[in-house]
1. Go through (1) in contact (Cβ under 8 Å) with a residue 40 or more places away in the chain; (2) out of contact with any Gly (no Cβ under 6 Å at 6 or more places or on another chain); (3) open to solvent by less than 20 Å² (accessible area, probe 1.4 Å) for Asn118 and report which single condition fails.
2. When you scan region 144-247 for helices (runs of 4 or more DSSP H) that lie fully inside it, which ones turn up with 1 or more residues that are touching a strand residue (DSSP E or B) at 6+ places or on another chain (Cβ under 6 Å), modelled with pLDDT of 95 or more and over 17 Å from Gly259 (Cβ atoms)?
3. Could you tell me whether region 84-99 includes any residue that is out of contact with any strand residue (DSSP E or B) (no Cβ under 7 Å at 6 or more places or on another chain), under 21 Å from Leu198 (Cα atoms) and in contact (Cβ under 8 Å) with a residue 24 or more places away in the chain?
4. For region 154-175, which positions are within 18 Å of Pro221 (Cα to Cα) and crowded, with 19+ Cβ neighbours inside 10 Å?
5. List the helices (runs of 4 or more DSSP H) inside region 1-91, counting only whole elements, that have at least 3 residues being closer than 23 Å to Pro227 by Cα, within 16 Å of the chain's Cα centre (by Cα) and modelled with pLDDT under 90.
6. Every residue in region 92-123 that is over 11 Å from Phe20 (Cβ atoms), within 22 Å of the chain's Cα centre (by Cα) and among the small types (Gly, Ala, Ser), please.
7. If we scan region 104-111, do we find a residue that is free of Cβ contacts under 8 Å to residues at least 12 places away in the same chain and either open to solvent by 60 Å² or more (accessible area, probe 1.4 Å) or farther than 17 Å from Leu253 by Cα (or both)?
8. Which condition number does Arg228 fail, the rest of (1) within 15 Å of Trp164 (Cα to Cα); (2) open to solvent by less than 20 Å² (accessible area, probe 1.4 Å) being met?
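The values are calculated or read from the model by the stated rules, or taken from the named source; none is laboratory data. Computed from a predicted structure; not experimentally measured. Here the Cβ is made from the backbone with ideal geometry for all residues, glycine too, and neighbour counts use every protein chain on show. Calculation scope for accessible area: heavy atoms of the full protein, side chains included, ligands and nucleic acids excluded. Shrake-Rupley method; radii C 1.70, N 1.55, O 1.52, S 1.80 Å.
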Amino acid sequence: MAVAEESWTKKYLGEVLGVFVLVFLGDSFVAYAVAGGGNGFLAGLLAAGFFWGFAVTLAIYACGAVSGAHLNPAVTLALAWRRGFPWSKVPGYIGAQVVGAFLAAAGVSFVWNGLIYNYEHTAKTVIDRGGANGIESGLIFSANWPHPLLIGHNAAALQIDPWWVGAGTEILITAILVITVFGIIEDRIPSAANVAPLAIGIVVAALVGLFAPIEMASLNPARDFGPRIWMLLVGYGSNAIPGPNFNIWITTLMPFVGGVLGAWIYDFIVHQHLPVPVGPDVAEVPATEAARARA
């Protein structure tokens, strides 16, 4: 997606806006699905993928023309490593993304607090945000491994879904996300670039809809970490950071690994075998060399 020649401050603010839209819409759906009582959480699992994908599409439309709509530190890291995005701007982009997610979590609390409070205090066992079962409402804000409501968050749950399954799943699905994003925005050949927001939204919808039951399909360190900071402020304590079973290392850190892996796989298998590049990731061939090649 083309990016306007704006100041870097405006680009950072664009990322704040885009991630806010993404997380506010996505977590609002989770708040409704979890705290909506008789509506039922299981009935919302497939819809979760749709709404997160829809949120990604709208977020890209919201800020893509200014910031390029990275929206995800794992994507920013991959673009810096493989596509020439300035390394000096990576901290600013990641910081902006975390800020956007933090503000979105605050917005979700503002809008949905009544429903969340009612859910916590009418549950069969009252939910104590800082206690052993606090993550049962905390999952509204952050991704978690294992999935607290489908698998659980005690020792038995860890036997069903051991750490290496959660970590491996997060690495695999984030790699798939970055592979498909690189393919969609590929500048060497005609691609889905003109419908990139919708195409990337479909990818996210598929990944969240299929893999959320394992570890809630974080895919995005900012989407996970920003709301955890807000959770600290509203009483979740260690359920926020580091999370039950120290789950922050899977849902915040593993997407970075998956993003780098996905970028390498795409370039090794696809990108290097495409026609002569026209994009900014490869140096331009000097005119004299080009003329000599045609001779």
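1. Answer for Asn118: the failing condition is (3).
2. Working: elements: 155-160, 163-184, 196-215, 221-233.
No helices (runs of 4 or more DSSP H) qualify here.
3. Step one: of region 84-99, the residues out of contact with any strand residue (DSSP E or B) (no Cβ under 7 Å at 6 or more places or on another chain) are 84-99.
Checking which are under 21 Å from Leu198 (Cα atoms) leaves us with 97.
Checking which are in contact (Cβ under 8 Å) with a residue 24 or more places away in the chain leaves us with 97.
Within region 84-99, one or more residues are out of contact with any strand residue (DSSP E or B) (no Cβ under 7 Å at 6 or more places or on another chain), under 21 Å from Leu198 (Cα atoms) and in contact (Cβ under 8 Å) with a residue 24 or more places away in the chain.
4. Gly166, Ala167, Thr169, Glu170, Ile171, Ile173, Thr174, Ala175
5. The qualifying helices (runs of 4 or more DSSP H) are 45-67.
6. Gly92, Gly95, Ser109
7. yes
8. Looking at each condition in turn, Arg228 falls short on (1).
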